[in-house]
Amino acid sequence: MKRREFIISSALALGGTALLSGCGKKEVKKSENQVVRRKFGNDEMPLIALGCMRLPMRDGKIDMAELDKMVDYAMAHGANYFDTAYMYVEGKSENAIGEILKKYPRDSFFLADKCPAYLVNSPSDVRKLCEEQLKKCQVEYFDNYMVHNINKNTLSNYRDNNMYDELAKLKQEGLIKNMGFSFHGDPQMLREVIKEHKWDFCQLQLNYLDWEVVNADELYQIADEAGVPVIVMEPLRGGALCNLPEKAAKKLKEECPDDTQASFGLRWVAAKPRVFTILSGMSNFQQLRENVDTFVNYREFTENEVKIAHEIAQVIQSQGAISCTACKYCMEVCPRGINIPAIFGLYNIFKGSTAPNKYFMFTANYAALKEDERADKCIKCGLCSKNCPQNLDIPKLLGDVQKAYEDAEKAMK
């Protein structure tokens, strides 16, 4: 085991109390190549940020050595914004990123966290949760703190418990610097939430596919017209836009040979002027390096590329892909433990493939899922749909996938 890996493993074994790099703070050694930045208040934010919902994993645990390497590279190249949340990685994300970041001076990075609205049953819960999260992240304040996931199911919790006023108190006391909200509702709800209070920012799901198939364009316009700065989540739609169907991938390669699928999607989002940072849930060092390098060697999105993005989105739509971002919120409430994101991901690849062995690949990969995690184990309780930010009718879609699997098996006989 390498020395750094040994130190990290030891720190975790001690419950996260040992410093990763001795007793002092690590100096940020900056590369000459820095990511582009945008103005947000009095700060200059990196245009690309590490979202900590899909951290690197090994043997069912967060791979701290890989995460440490990723953070070092991000910090060296100026991508010093990190976003976590209470429930990410089964509640372990905050501890992990806090353990890695504590070796750096606090003023050398931006850290964002979220108050889980579904756990707030009284106004006092907001402070309790924030203080708990600060302790887990081992910091004295959050740069950005937000009401997490305002939607039709959490709106009453947010309003009835005066969460905005509670966040304002935390801001006044210096526990948070900027207050905002992440959003998974319809345009009318967004108009109401933005109009009700003065927000420092909002966090929206924007990407070139949602711009076409749902209402991302309208959501962005509402924030833009209200003058509310935007943080982007799911810019690559949970990885779907860097795993394009073959026809769409071919078109992108022909039209934009200098772009990867990921860089094309990220550059599309960055073209929106109200956006000040883009969260990408990078799960290994290679992904992080590619995304960081996209913004080190940043190129403005052209009008022709806007047209190409529209055409690629049309190709994806025409091939019947399910609009799943693999956020796993559905799995948090599924009583049967069905691996819904994996099932939908396999189905989307199958529907977008023109390979001669597509039926074999689909049935083989589907059969590789654990038997109790497959679509036919759905009991149609509907809890998943209520928790889905995309408002998908998940039980129906699981039935569609199961039928497609059975039909594929018949087609091979």
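With the simple spin-label model, which puts each label point 7 Å out from Cα in the Cβ direction, the Lys39 to Arg191 separation comes to 3.0 nm.
Using a Gaussian network model of the chain in which every pair of alpha carbons under 10 angstrom is joined by a spring, one finds that among Cys130, Cys384, Cys256 the greatest mean-square fluctuation is at Cys256. Taking 14 Å as the straight-line reach from the Cα of Lys253, the aspartates and glutamates in range (excluding those fewer than 8 positions away in the same chain) are Glu305, Glu311. Using the rule -39500 (n - 2.57) for each DSSP H run of four or more residues, divided by the residues of the chain, the 222 nm mean residue ellipticity is -13500 deg cm²/dmol.
Ranked by the mean number of other Cβ atoms within 10 Å of their residues, highest first, the peptides 314-323, 45-54 fall in the order 45-54, 314-323. Each of the GluC sites (Glu not before Pro) that DSSP puts in a loop and that has at most 11 other Cβ atoms within 10 Å breaks the chain; the longest unbroken stretch is 174-299. Scaled against 2.2 N^0.38 Å for its residue count N, the alpha carbon radius of gyration of region 100-184 is 1.07.
Each label was represented as a point 7 Å from its Cα along the Cα-to-Cβ direction; for Lys29 and Lys253 these points are 3.8 nm apart. With contacts taken as Cα pairs under 8 Å and at least 6 residues apart, region 81-150 reaches a relative contact order of 40 percent. Binning the alpha carbon pair distances of the chain at 20 angstrom intervals from zero yields the distribution 26, 59, 16, 0, expressed in whole percent. For the residue pairs Lys128/Lys198; Lys26/Lys102; Lys370/Lys410, alpha carbon separations beyond 19 Å are given by Lys128/Lys198; Lys370/Lys410.
One quarter of the convex hull surface built on the alpha carbon atoms of region 244-361 amounts to 9.4 nm², the projected area averaged over directions. Mean projection of the alpha-carbon convex hull of region 329-412 over all orientations, in nm²? Here the figure is 5.1 nm², rounded to one decimal.
With a simple spin-label model that places each label point 7 Å from the Cα along the Cα-to-Cβ direction, the separation between Ile379 and Tyr298 comes to 5.0 nm. Stretched out straight at 0.36 nm per residue, the stretch from Thr354 to Ser124 would grow longer than its current Cα-Cα span by 77.3 nm. Ellipsoid semi-axes for region 34-93, based on the Cα gyration tensor and the rule √(5λ), read 25, 14, 6 Å when sorted largest first. Applying Stokes-Einstein at 37 °C and 0.692 mPa s to the Kirkwood radius of region 15-162, computed over alpha-carbon pairs, gives a translational diffusion coefficient of 201 µm² s⁻¹. Most simply put, the chain has about 15% antiparallel DSSP beta bridges, counting only bridges with both residues inside it. A straight chain from Glu173 to Met57 at 0.36 nm per residue would run longer than the Cα-Cα distance by 38.1 nm.
Excluding same-chain neighbours fewer than eight residues apart, the aspartates and glutamates reachable from Lys328 by a Cα-Cα span under 16 Å are Glu90, Glu234, Glu373, Asp393.
Highest mobility in the GNM of the chain, judged by mean-square fluctuation with C-alpha springs under 10 Å and restricted to Gly238, Gly337, Gly41, is found for Gly41.
Where a number appears in this text, it was derived from the coordinates with a stated rule and is not lab data. Because the structure is a prediction, the values reported are computed rather than measured. Neighbour counts are summed over all protein chains in view; Cβ atoms, including those assigned to glycine, are modelled from backbone coordinates with ideal geometry.
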